[in-house]
Amino acid sequence: SSTYANQPEFKKLTTRAMLEGHVTENFGLIGNFVQKTSEIPLYAYSGGFSSNSEPEKRDQTRKIENAMLKGFWTPNDRLDVSFTLLNAPAQGEYFKENVRNSQFRVDQGGQTAQFKALWLGDQATFTHKLSYKMVQSSRDSQSSVYLPWRWSSEKNWGSPFRNGVRDSRAVSSEGGMGDLEQKQSGFEYAFKVDLNAFELFGSEHNLTFGLDLSHQKASYEVMEDSLNGGSLS
C-alpha cells in the first residue's frame with residue numbers, strides 16, 4: 001500500500017517499566033513508563049507505479065511515550081495528599097503519496113501536574129485540587145512550496161498514466177505545506193465541601209458546595225509563508 005491506513009505490514013515495539021513502593025511508612029511512590037514505536041513501510045507512489053528518480057519505498061514512523069510519577073502521603077487518619085506528574089510526548093514522520101519532497105514531522109503531547117488534598121473534618125470533608133497542563137502540536141515540513149508540474153521529460157517522476165493509458169493531464173507534484181505550531185496551557189483549581197449526611201423532617205440530606213477556577217491560554221502560529229501552485233486543466 002501507499003497509504004498507512006491500508007498497510008497490513010508494520011513493525012511495532014512496546015516497552016514498559018513500572019516501579020512501586022513505600023519510601024516511608026506513610027509515603028509511597030508509583031513510577032510508570034511506556035514507550036510505543038512503529039515503523040510502517042509504504043510505496044512512494046500508488047497504483048504500483050515506480051519512479052525512475054525516486055525511491056520505490058519510504059518509511060513512516062510513530063513514537064509515543066508516557067512517563068508518570070505518582071505520590072501518596074497519609075500523615076494521619078484525617079489527611080490524604082497525592083500528586084501526579086505526567087509527561088506524554090508523541091511524534092510521527094509522514095509523507096504524501098505521489099508527491100516528491102513531501103516529508104513532514106508532527107510533534108504533539110505535553111505535560112500535566114496535579115495536586116490533591118483531602119481532609120476529613122468532624123462535620124464535612126474538604127477537597128482541594130490544583131492542576132496545570134501544557135500541550136502542543138507542531139508540524140515541521142520538508143518544504144513550504146507545493147507545485148504540481150505538468151508531466152514532461154524533465155518533470156518525469158510522477159506517473160504519466162491513468163488506468164493504464166497515457167494521460168496528457170498527468171502531473172509530477174513536489175513540495176509540502178510549511179510549518180505550524182500550536183500551544184495551549186492553563187491551570188484549574190477546585191475546592192469542594194461535602195457536609196456529613198443529616199436528617200431533617202424524617203429524610204436524609206447531603207449538601208455539597210464548592211468553587212471552580214480555570215484559566216486557559218492558547219496560540220496558533222504559521223511559522224513561514226507557504227505557496228501552492230496549480231496546473232492548467
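The values are calculated or read from the model by the stated rules, or taken from the named source; none is laboratory data. Because the structure is a prediction, the values reported are computed rather than measured. FYI the Cβ positions are ideal-geometry reconstructions off the backbone, even for glycines, and counts take in every protein chain you see. Remember, those area values only see protein heavy atoms, side chains included, never the ligands or the DNA or RNA. Shrake-Rupley method; radii C 1.70, N 1.55, O 1.52, S 1.80 Å.
Efficiency by 1/(1 + (r/R0)^6): what FRET value for residue 199 and residue 77, r their Cβ-Cβ distance, R0 = 30 Å, to the nearest 0.05? According to the calculation, E is roughly 0.70. Placing unit charges on each Cβ (+1 for Lys and Arg, -1 for Asp and Glu) gives region 1-99 a dipole about its Cα centre, and among 81, 13, 45 the Cα reaching farthest toward its positive end belongs to 45. For region 1-134, the per residue solvent-accessible surface stands at 64 Å², with DNA, RNA and ligands left out and a 1.4 Å probe.
Computed from the C-beta positions of residue 106 and residue 23, the FRET efficiency with R₀ = 30 Å rounds to 0.20.
From the alpha carbon centroid of region 1-58 to that of region 128-183 is 22 Å. Along each principal axis, taking the top coordinate minus the bottom one, the Cα set of region 157-233 gives 88, 33, 19 Å in descending order.
Only Lys, Arg, Asp and Glu carry charge here, each on its Cβ (+1 for the first two, -1 for the last two); on that basis region 66-151 has a dipole of about 380 debye about its Cα centre. Dipole check for the chain: with +1 at the C-beta of Lys and Arg, -1 at the C-beta of Asp and Glu, and the Cα centre as origin, the magnitude is about 920 Debye. Sorting the segments 106-117, 208-219 by their mean number of nearby beta carbons within 10 angstrom, highest to lowest, gives 106-117, 208-219. For region 1-53, the Kirkwood radius over C-alpha pairs fed into Stokes-Einstein at 10 °C and 1.306 mPa s yields D = 105 µm² per second. Beta bridges from DSSP with both residues in the chain: antiparallel share about 95 percent, rounded to the nearest 5. Where (1) 0.97; (2) 2.03; (3) 1.59 are the candidate values, the label of the one calculated here for Cα Rg over 2.2 N^0.38 Å is (3). A simple count of charges around residue 155, restricted to other residues whose Cβ falls under 15 Å of its Cβ and scoring Lys, Arg +1 and Asp, Glu -1, yields -1.
Heavy-atom surface analysis with a 1.4 Å probe gives region 141-233 a carbon and sulfur content of 51 percent of its accessible area. For the peptides 15-22, 126-133, the ranking by packing is 126-133, 15-22, with the highest mean count of neighbouring Cβ atoms within 10 Å listed first. Beta bridges from DSSP with both residues in region 89-217: antiparallel share about 95 percent, rounded to the nearest 5.
Each peptide in 72-80, 36-44 was scored by the mean count of other Cβ atoms within 10 Å over its residues; highest first, the order is 36-44, 72-80. For a paramagnetic label modelled at 7 Å from the Cα of residue 32 toward its Cβ, which residues of region 57-101 fall within the zone defined by backbone nitrogen distances under 20 Å? Under 20 Å, as judged by backbone N against the label point of residue 32, lie 63-74, 81-91 of region 57-101.
Could you give the size of the charge dipole of region 1-107 about its Cα centre, using +1 on the Cβ of each K and R and -1 on the Cβ of each D and E, expressed in debye and rounded to the nearest 20?
Rounded to the nearest 20 debye, it is 260 debye.
For region 44-159, the Kirkwood radius over C-alpha pairs fed into Stokes-Einstein at 37 °C and 0.692 mPa s yields D = 173 µm² per second.
Quick one: of 57/183; 36/217; 36/183; 57/217, which pairs are farther than 32 Å apart, Cα to Cα? Listed pairs above 32 Å: 57/183; 57/217. Placing unit charges on the Cβ atoms of the charged side chains and taking the dipole of region 99-233 about its Cα centre, the candidate lying farthest along the positive direction among 200, 130, 211 is 130.
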